[in-house]
Amino acid sequence: MHVGILTGGGDCPGLNAVIRAVTLALINECGARVTGIRRGFLGLIERDVQALDRAAVAGILAQGGTILATHNKCDPFHYFGAGGADVSARAMAFVRELGLDALVAIGGDGTMTIAHRFEALGLPVVGVPKTIDNDLQHTDRTFGFDSAVAVVAEALDRLETTARSHGRVMVLETMGRYAGWIALEGGMAGGADVILLPELPYQLEAVADVCRAREVQGLCTLVCIAEGAKAEGGELVVAQTLADSPDPLRLGGVGAVLAHQLQPLVQSEVRATLLGHVQRGGSPTPFDRVLATRFGYAAAQLVERRQWGRMVTLAGSDIASVPLEAVAGRNRPVPADHPLLAAARGLGVSLG
Ligand code: F6P
């Protein structure tokens, strides 16, 4: 059996742990030949591959990024390199030339959508969910999320000591374009006083009230805001702030905009930090290494059993799988009744 593996979309701590687990399990349990497709689906179009054997995956478990490289914009069904044309037939011709019997695609909802379309063309596919944002449907966790949360918690720990020394309001912007999982768990782990998520539009005045109440008590304030968070009626406010700024490019993102808007409403000095891709880099946490390894092994088992068109998942503490079409093109917001939201409110954390 000859199996291809690719990593699509943005990178994420734990990708190499999956590549290693899939490769070792397929070699050990069914004597498979394994080939890495480089730069996501682009490798199928540009014929960019590398052999994966025990030596190739030795020592990569704890490495961040992906040894196969990735591409976050390559969709062979709308290929940017051909003016948006469908070049999937070219990719399939290369698959046949390589003699691939199956493909393991590691990625987010975009990668799962493309994988699902290749399956319809006759390529047996298995999916592994990846995103630091933890917002894929039908899996309780994606690997990379725990590593990102650890970075946010450490950032808040560090911001707290400097905020307390100066009596300041510190605004930390995290990743999370569509869902607020990183800001919520990172914010709770780092003791944030205000946590703002895309799922719960916030009121600027409510955030200012928290800061002012804490000022009266001589306390600093930590605000943790997801990049997708919005003020009620927010698009307009953000756009106006950007337009009014003398140097909009230096603003960063929504965290900087919030800091800019908060400053005239509070006594303390307000500072903003944009964590950005620091959250995606570096070595995965032990939790993510284990989850990625379990996902990789489970994907290899689906291949061995020829259970095609499925994505492995974490359901509670068990590994399971769901059909690819159940995942493709959807994301998973933090539900309004999530217990951590209730705990946050109970502890007096403002959710805006
Ligand atoms: O992986 C998803 C994500 O982390 C989002 O939260 C963020 O908006 C995005 O990646 C940024 O990715 P890039 O800058 O690589 O396009």
Within the chain: Cβ-based charge dipole about Cα centre, in debye rounded to nearest 20 (Lys, Arg +1; Asp, Glu -1): 840 debye
Share of carbon and sulfur in the accessible heavy-atom surface of the chain [1.4 Å probe, %]: 52 percent
Environment charge of PRO333, counting only residues whose C-beta is closer than 9 Å and scoring Lys/Arg +1, Asp/Glu -1: -1
Solvent-accessible area per residue for the chain (1.4 angstrom probe, square angstrom): 41 Å²
ALA272 long-range amide H proximity, modeled H, under 5 Å: VAL171
On Cα atoms only, tilt of 286-304 relative to the major axis of the chain in degrees: 30 degrees
Cα long-axis angle, helix 109-120 against the chain (0 to 90 degrees, to the nearest 10): 20 degrees
Sequence-distant residues sharing a close amide H with LEU52 (under 5 Å, placed H): VAL34, THR35, GLY36
Tilt relative to the chain, helix 145-166 - C-alpha long axis, 0 to 90 degrees, to 10: 20 degrees
Leading residue at positive end of dipole, the chain (Cβ point charges), from VAL95, VAL171, ILE67: VAL95
Relative contact order of the chain, defined on C-alpha pairs under 8 angstrom at six or more residues apart (%): 23 percent
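The values are calculated or read from the model by the stated rules, or taken from the named source; none is laboratory data. Keep in mind the model is a prediction, meaning the values are calculated, not measured. Reconstructed Cβ throughout: ideal geometry from the backbone, glycine too, with neighbour counts over all protein chains shown. Surface accessibility is based on the protein's heavy atoms, side chains included, excluding ligands, DNA and RNA. Shrake-Rupley method; radii C 1.70, N 1.55, O 1.52, S 1.80 Å.
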